[in-house]
Amino acid sequence: MLSFLGGVVLGAVASWLITHCYSLKSSAELKAELRRLSNKLRLQNTLQDFEQALESSSWHEATTNDSGIWVCDSNNTFQIERGERTGEFTERWTTVYPDRNSSAYPVYLKMGNVIVKEMIFISMDGGRIFVPMTEARPTNGRDIEYFWNINSLAVKVCRVIGSYHIYNNLEGIANMSRVVIIE
């Protein structure tokens, strides 16, 4: 009887020890997984998050109310909206196309229904080309050099919503318009 009682006690202690060790281990793994998922699901509401989505996510166009809206596939609260034409726009780089008329349009970066950034895009050549407004800097003498910074937010937006007609991409437009691409 004493050996039976000793066996039961020893079995109970061994069972408790195994259960306790497993519980500690699974608790640590569960906490690590919860931390990983929390970071992944963290509220993405900064302009940096938006910029990262421009580079890493696919986008689709959804036309509503005669204006283009592009929605991020991985986070549909990130949207790019093309505003209404604000007026004529002419600089040397916009007048090299068969249709010399060009117009300025606001482009809004939105999170939900909140505008977080506005930038100006230019429609050229009868609306067949849609690119961001260039930046300008003086060169030697009184000349002005127009340029796009390839790493700028405007160029990243252009990679999603731009139109290039027969020039295929922004670099083709830059070549035709004599706009410099910088990094």
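The values are calculated or read from the model by the stated rules, or taken from the named source; none is laboratory data. Remember, it's a predicted structure, so these values are computed and weren't measured experimentally. When we count neighbours, we look across all protein chains shown, and the Cβ atoms used for this are built from the backbone with ideal geometry, even at glycine.
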Selection count, segment 130-151, where residues are surrounded by fewer than 13 Cβ atoms within 10 Å (Cβ to Cβ) and closer than 20 Å to K110 by Cβ: 0
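For every residue, the table says whether it meets (1) among the acidic types (D, E); (2) touching an Asp or Glu at 6+ places or on another chain (Cβ under 7 Å); (3) at pLDDT below 95.
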| position | (1), (2), (3) |
| --- | --- |
| Q52 | no, no, yes |
| T63 | no, no, yes |
| D66 | yes, no, yes |
| I69 | no, yes, yes |
| N75 | no, no, yes |
| G87 | no, no, yes |
| G112 | no, no, yes |
| D125 | yes, yes, yes |
| G141 | no, no, yes |
For Y97: the one exception among (1) in a strand (DSSP E or B); (2) under 15 Å from R178 (Cβ atoms): (1)
Options G68, G127, G87, G112: the member that is under 17 Å from the mean Cα position of the chain (by Cα) and at positive phi: G112
Selection from segment 152-175 of residues that are exposed (fewer than 15 other Cβ atoms within 10 Å of the Cβ) and over 22 Å from P106 (Cβ atoms): I166, N168, N169, E171, G172, N175
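Could you list, in sequence order, the residues of segment 112-129 that are within 27 Å of N45 (Cα to Cα) and buried (at least 19 other Cβ atoms within 10 Å of the Cβ)?
Once the filter is applied, which keeps residues that are within 27 Å of N45 (Cα to Cα) and buried (at least 19 other Cβ atoms within 10 Å of the Cβ), segment 112-129 yields only F121.
For every residue, the table says whether it meets (1) touching a residue at least 24 places away in the same chain (Cβ under 8 Å); (2) within 18 Å of G83 (Cβ to Cβ).
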{"position": "V116", "(1), (2)": "yes, yes"}
{"position": "M124", "(1), (2)": "yes, yes"}
{"position": "T139", "(1), (2)": "no, no"}
{"position": "R142", "(1), (2)": "no, no"}
{"position": "F147", "(1), (2)": "yes, no"}
{"position": "H165", "(1), (2)": "yes, no"}
{"position": "N168", "(1), (2)": "no, no"}
{"position": "G172", "(1), (2)": "no, no"}
Residue count for segment 108-125, restricted to those that are farther than 17 Å from L170 by Cα and either in contact with a Lys or Arg (Cβ under 6 Å, 6 or more places away or on another chain) or part of a loop (DSSP other than H, G, I, E, B) (or both): 3
Filter result for T90 (under 25 Å from F147 (Cβ atoms) and of a type outside the set (D, E, K, R)): yes
